[in-house]
Amino acid sequence: MKKLLTLVFCFSFFMSNAQLLDLIKDKAKDKALNLGGDKAAKLLTKQAITTSFKDCDVKNTKPETFGNDKKYKELCKETFTAEGFLLKPGFYSFKAKSFCLKAGTHGPSKGDGYLYAPVKGPKEEIVIAIIKNWKENPKIEQTKVQCLLWAIIAHTKFKNLPTELQETAIKLLSKEQILDLTNKGLDFVPQNVMDNATAELPKPVRLVMEAENKIREFFNSSSSYNYQEIEKLAMLAGMNTETSEIQRGTWGLHPKGYYIAYLPNGYSSVEVHIYVPDTVKEVHYLPSDDVAVPASTGSQRLAISDMTYCNAK
């Protein structure tokens, strides 16, 4: 029944493009992928988003106490365009709704230090499009967008998504991007195959692979959308005990010349501070271009959205 609803829904959306529809139908009829040998290991360990702390600039930073005596402008009251916010020298503060981009990790803790990094990886275009286009579709619940992102990061096949998440994807992505999700993906992988494919990997990497596989299993076996259940699969219970290399609130230098600091409140909201030096005449800041990356490998990297609200210091 679930596959039938998927095909009917795709037909209503893609009826103007017969070739695209045929490809989706063919994929829906594909047999399960034979996940044996080296091919399985490569597919399972290939990350959809590869951004890591290695992509952060750890040399050009300012301590978390920097700017404590300064007056902050409320960035969310500034004009927002397709290029983002136009910033002039000074200090800015706001809160942004954010998303977890790494399953199998702990939620941000008060001790986690985060720095800026760009979105990178095979699915960067799709992930960025979802986050950017959400601002134009604010009626879509944040939890629904988060579940869609977890599904994509876990390499879930489009045909295995419940209709509600397929509808969300179609609202936020282009036909070509939907086709990309349709053409690629994995089914649930038996535990013995997972064990063989990840045996030599470090524990943090294995935890990510296992969480992604559990997410695929959920979507493979369920026709409904349940945020709480998916969240439990995506997040590790308890607090991360790994010591962070940097302090919470540390300022990092952005390639555009300003400094930025992240103070996450869980994974769904991040307080952001920005300092534009006098040496920078003006610069555009687009939140959705950035990822807040933890120094701790056991914590979640966070995609920043353009859905902002005021929290001036």
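Structure above, values below:
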{"quantity": "Of all residues making up the stretch 267-279, the number that are in a loop (DSSP other than H, G, I, E, B) and either within 19 Å of A96 (Cα to Cα) or under 26 Å from the mean Cα position of the chain (by Cα) (or both)", "calculated": "2"}
{"quantity": "Looking only at the stretch 228-248, and only at residues there that are part of a loop (DSSP other than H, G, I, E, B) and of a type in the set (A, V, I, L, M), the one that is surrounded by the fewest Cβ atoms within 10 Å (Cβ to Cβ)", "calculated": "A237"}
{"quantity": "Some residue of the stretch 280-301 being of a type in the set (F, W, Y) and over 22 Å from the mean Cα position of the chain (by Cα)", "calculated": "no"}
{"quantity": "Spans of helices (runs of 4 or more DSSP H) in the stretch 156-227 with at least 3 residues without any contact (Cβ under 8 Å) to a residue 60 or more places away in the chain and small (G, A, S)", "calculated": "none"}
{"quantity": "Odd one out for I260 among (1) of a type outside the set (G, A, S); (2) in contact with an Asp or Glu (Cβ under 8 Å, 6 or more places away or on another chain); (3) more than 24 Å from T65 (Cβ to Cβ); (4) not in a loop (DSSP other than H, G, I, E, B)", "calculated": "(3)"}
{"quantity": "Residue in the stretch 62-74 that is modelled with pLDDT of 95 or more, among the hydroxyl-bearing types (S, T, Y) and either surrounded by 21 or more Cβ atoms within 10 Å (Cβ to Cβ) or part of a helix (DSSP H, G or I) (or both) present", "calculated": "no"}
{"quantity": "Index of the failed condition, C310 passing every other in (1) touching a helix residue (DSSP H, G or I) at 6+ places or on another chain (Cβ under 9 Å); (2) farther than 15 Å from F91 by Cβ; (3) modelled with pLDDT under 95", "calculated": "(2)"}
{"quantity": "Test: residue in the stretch 273-282 that is surrounded by 15 or more Cβ atoms within 10 Å (Cβ to Cβ) and charged (D, E, K, R)", "calculated": "no"}
{"quantity": "Any hit, the stretch 59-77, residues being of a type in the set (G, A, S) and under 30 Å from V193 (Cβ atoms)", "calculated": "no"}
{"quantity": "Cross-chain or 6+ apart pairs with Cβ under 7 Å, the stretch 274-294 first and in contact (Cβ under 8 Å) with a residue 12 or more places away in the chain, then buried (at least 22 other Cβ atoms within 10 Å of the Cβ) and among the acidic types (D, E)", "calculated": "P294/D112"}
{"quantity": "Pick from the stretch 146-175, criterion farther than 13 Å from K123 by Cβ and hydrophobic (A, V, I, L, M, F, W, C), ranking: surrounded by the fewest Cβ atoms within 10 Å (Cβ to Cβ)", "calculated": "I170"}
{"quantity": "Matching residues in the stretch 262-292 - criterion: being farther than 15 Å from E78 by Cα and among the charged types (D, E, K, R)", "calculated": "E271, D278, K281, D289, D290"}
{"quantity": "Any hit, the stretch 142-156, residues being over 18 Å from the mean Cα position of the chain (by Cα) and within 25 Å of V291 (Cα to Cα)", "calculated": "no"}
{"quantity": "Boolean, E245 is closer than 17 Å to F53 by Cβ and among the acidic types (D, E)", "calculated": "yes"}
{"quantity": "Selection status of D187, of a type in the set (D, E, K, R), in contact with a helix residue (DSSP H, G or I) (Cβ under 9 Å, 6 or more places away or on another chain) and modelled with pLDDT under 90", "calculated": "yes"}
{"quantity": "Some residue of the stretch 117-126 being aliphatic (A, V, I, L, M), over 12 Å from the mean Cα position of the chain (by Cα) and surrounded by 22 or more Cβ atoms within 10 Å (Cβ to Cβ)", "calculated": "no"}
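The values are calculated or read from the model by the stated rules, or taken from the named source; none is laboratory data. As the structure is a computational prediction, the values presented were derived from the model and not from experiment. Quick reminder, even Gly has a Cβ in these numbers, built from the backbone with ideal geometry, and neighbours come from all protein chains shown.
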